[in-house]
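Here the structure comes first, spelled out in structure tokens, and everything after it is commentary.
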Amino acid sequence: MTISDTAAATPALVVSLPGAALRTALGPVPDGVLLVEWDMTGPAPLPHIDIAVPPYMGATPLLANLAGTTTRLVQSQSIGYDGVADVLPPGHVFANATSVHETSTAELTLALILASQRGIPDFVRAAAEGRWAPARHASLADRTVLIVGYGGVGQAIEARLAPFEVNVVRVASTAREGATGHIHGIDELAALLPQADIVVVGVPLSDATHHLVDDAFLTAMPDGALLVNIARGPVADTAALLAHASSGRLRLALDVTDPEPLPAGHPLFALPNVLITPHVGGASTAMMPRMGRLLADQIARMLQGDAPRNVVVRS
């Protein structure tokens, strides 16, 4: 059970970690902090855990195993927290991993956009066949990029788009003024979509955003436009995506799908105008060091009696 013996007989703080990778990233901990290993696949090793950290992927159903255990904080390793409120037993405080994944997700988003715009998948396929296949593809420069969802990830994407000389249009749940310009409300989306060459979807999954990207949404996009989904798979209607991509009218770059994993042989895989990555937006070498820093900060805050960061659910 124990992966650290640095704590005194009566620890000031008990922290459960799902494995050795996060323990390594966390580094030295203050005196009085007891670290225990628990991946949440079974009952808790102790009746009280001050900070419980679930696994990175597939963690939401495992939160039910907190029943019968008291915690002061459940610290997720993900930004998204869809479904957590439905599973988390009463009496827990849940924080997401804001500050951990924004940079890597923005990097992947730019990679998907650039690869799709400049025809990289076509060139890779030609090279695999031993063919020299020059072609002129669409630029990213001078395009209008519509960012739907303007939280931390959306802002990180905009910051990385800035050097590419694009026109960025921002959409959030409500209209307001932002540090880099006007932010439109989601109610303006129908009027904004026809102007966009590239649409990046980065909204949280909720009842309001489930199938936000439906046939009407896609129909409003201009011919040849690129849709990039780095949100959650169910934000988009897969049947509608397949219909618009199969016709060749729209291009897709998807880091998330519905269902997920996308089944072997799914027709989306076969379309040359669809680029798919297997939900790896945050899966880079930046993740663990940043997660370690976030957890270290939460430990320090709790030892000092301060409120934790990033609280998104109280059950």
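The values are calculated or read from the model by the stated rules, or taken from the named source; none is laboratory data. Values in this document were obtained by computation on a predicted structure and should not be read as measured data. In this analysis, Cβ positions are derived from the backbone assuming ideal geometry, glycine residues included, and neighbour counts consider all displayed protein chains. Note: accessible area is taken over every heavy atom of the protein model, side chains too, but ligands, DNA and RNA are not part of it. Shrake-Rupley method; radii C 1.70, N 1.55, O 1.52, S 1.80 Å.
Structure notes:
- Within the stretch 14-48, tally of residues that are closer than 24 Å to residue 287 by Cα, touching a strand residue (DSSP E or B) at 6+ places or on another chain (Cβ under 9 Å) and open to solvent by less than 40 Å² (accessible area, probe 1.4 Å): 14
- When the stretch 61-73 is filtered for residues that are in contact with a helix residue (DSSP H, G or I) (Cβ under 7 Å, 6 or more places away or on another chain) and crowded, with 16+ Cβ neighbours inside 10 Å, the ones remaining, listed by number, are 63, 72, 73.
- Listed here are the strands (runs of 3 or more DSSP E) enclosed by the stretch 222-313 that have at least 1 residues being open to solvent by 50 Å² or more (accessible area, probe 1.4 Å) and touching a strand residue (DSSP E or B) at 6+ places or on another chain (Cβ under 9 Å): 251-254.
- Filtering 145, 171, 201, 166 for residues that are touching a Gly at 6+ places or on another chain (Cβ under 8 Å) and either outside the structural domain of residue 251 (by the TED database) or within 18 Å of residue 112 (Cα to Cα) (or both) leaves a single hit, 201.
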